[in-house]
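Take a look at the structure set out below.
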Amino acid sequence: MNRSAFVLQEMGLSPLWRPRGEPGVPNSPEPQAAAVAETAAITVATPPRVAAVASTAPVAAPAPVEVNEVAPQTKQPHTLPIQDWDSLHAQVAACQRCELAKTRHNVVVGRGNPTARLLIIGEAPGEQEDRQGLPFVGKAGQLLENMLAAAGINSEQDVYICNVVKCRPPGNRNPAPAEIASCASYLQWQIDTVKPDLIVALGRFAAHTLLNSQAPISTLRKQLHHAHGRPLLVTFHPAYLLRSPGEKAKAWQDWHQVKCQLAS
Ligand code: URA
């Protein structure tokens, strides 16, 4: 299997689209594979600034990104006396600010490289994350890992991953506003300390929280936003992609956009 086929398989987008006229290729490609072929077939040289984010995937020409300057978010300074990452972990582990402290098994602060250029922010820990104390280690996390690998992004070196809320909401319900507010200063400290060149908000909940917006994902994707003093892109939550695999081609475009933004 060649590299393109492997990447598409990892994204759940195989079989690989091939141009009509090649031996054994039907006249009409599968709609899903055809959608991704637009991005997968074109190759662009990797610019020098993304050298640390090794390119292993086919890279498409950048789709135009609209820069959303309409409602830039004001950076909120964190007010906690957090000196370093150990101090953050200790304070979150001892946190009793909201009801989630009563039901959690572990707090989930984050994982990856705290000096990475890319900060990925999800919603809240699920069952597996609550058990292991690490974000995105369940099925959605596996898909996220596959997407990052397909985009040539190393999840240990090139990214720091965390959530808006650090404790699991029981039954995976949406976090309540008071729970989000309780965690806001931890998240702000993480953003201020990682100082990423780009934030990626995974899914509606993280996007709405970080952008203070209620707009649908379809509107928020493909726009370069600014939130908490940093550029921010929005893409689908991997749990949504597990339920709606037909959207994976769009997610692939988003991750390509992430690479382009890091290269700019
Ligand atoms: N979903 C999230 O938003 N975060 C996790 O850590 C796991 C699943």
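Could you give the size of the charge dipole of segment 120-216 about its Cα centre, using +1 on the Cβ of each K and R and -1 on the Cβ of each D and E, expressed in debye and rounded to the nearest 20? Could the numbers behind the result be given before it?
Numbers: 7 positive and 10 negative charges, 54 e Å.
Charge dipole of segment 120-216: 260 debye, to the nearest 20.
Counting only protein heavy atoms and a 1.4 Å probe, segment 171-264 has 36 square angstrom of accessible area per residue. Annotation: extensible slack from residue 197 through residue 85 equals 38.4 nm (criterion: 0.36 nm per residue apart, minus Cα-Cα distance).
Cross-link check: pairs 139/166; 102/166; 166/259; 222/259; 195/222 evaluated at a Cα-Cα cut-off of 24 Å; pairs beyond the cut-off: 166/259.
Both the radius of gyration and Dmax for segment 145-228 are 13.7, 37 Å, in that order, over alpha-carbon atoms. For segment 74-159, state which GluC sites (Glu not before Pro) are in a DSSP loop and have at most 13 other beta carbons lying within 10 Å of their beta carbon. Loop-located and lightly packed - 156.
Here the spin labels are modelled as points 7 Å beyond Cα on the Cα-Cβ line, and at residue 212 and residue 264 they lie 2.3 nm apart. Straightening the chain between residue 184 and residue 101 buys 28.4 nm, computed as 0.36 nm per residue apart minus the Cα-Cα spacing. With K and R counted +1 and D and E -1, the other residues having a Cβ less than 15 Å from that of residue 160 yield a net charge of -1. Fully extending the segment from residue 174 to residue 242 would add 22.7 nm, taking 0.36 nm per residue of separation and subtracting the current Cα-Cα distance.
The values are calculated or read from the model by the stated rules, or taken from the named source; none is laboratory data. On a predicted model such as this, the values are computed, not experimentally measured, just so you know. Cβ sites come from the backbone with ideal geometry, for glycine too, and all protein chains shown count toward neighbours. When the accessible area is computed, the model is the full protein with side chains, heavy atoms only, and any ligands, DNA or RNA have been set aside. Shrake-Rupley method; radii C 1.70, N 1.55, O 1.52, S 1.80 Å.
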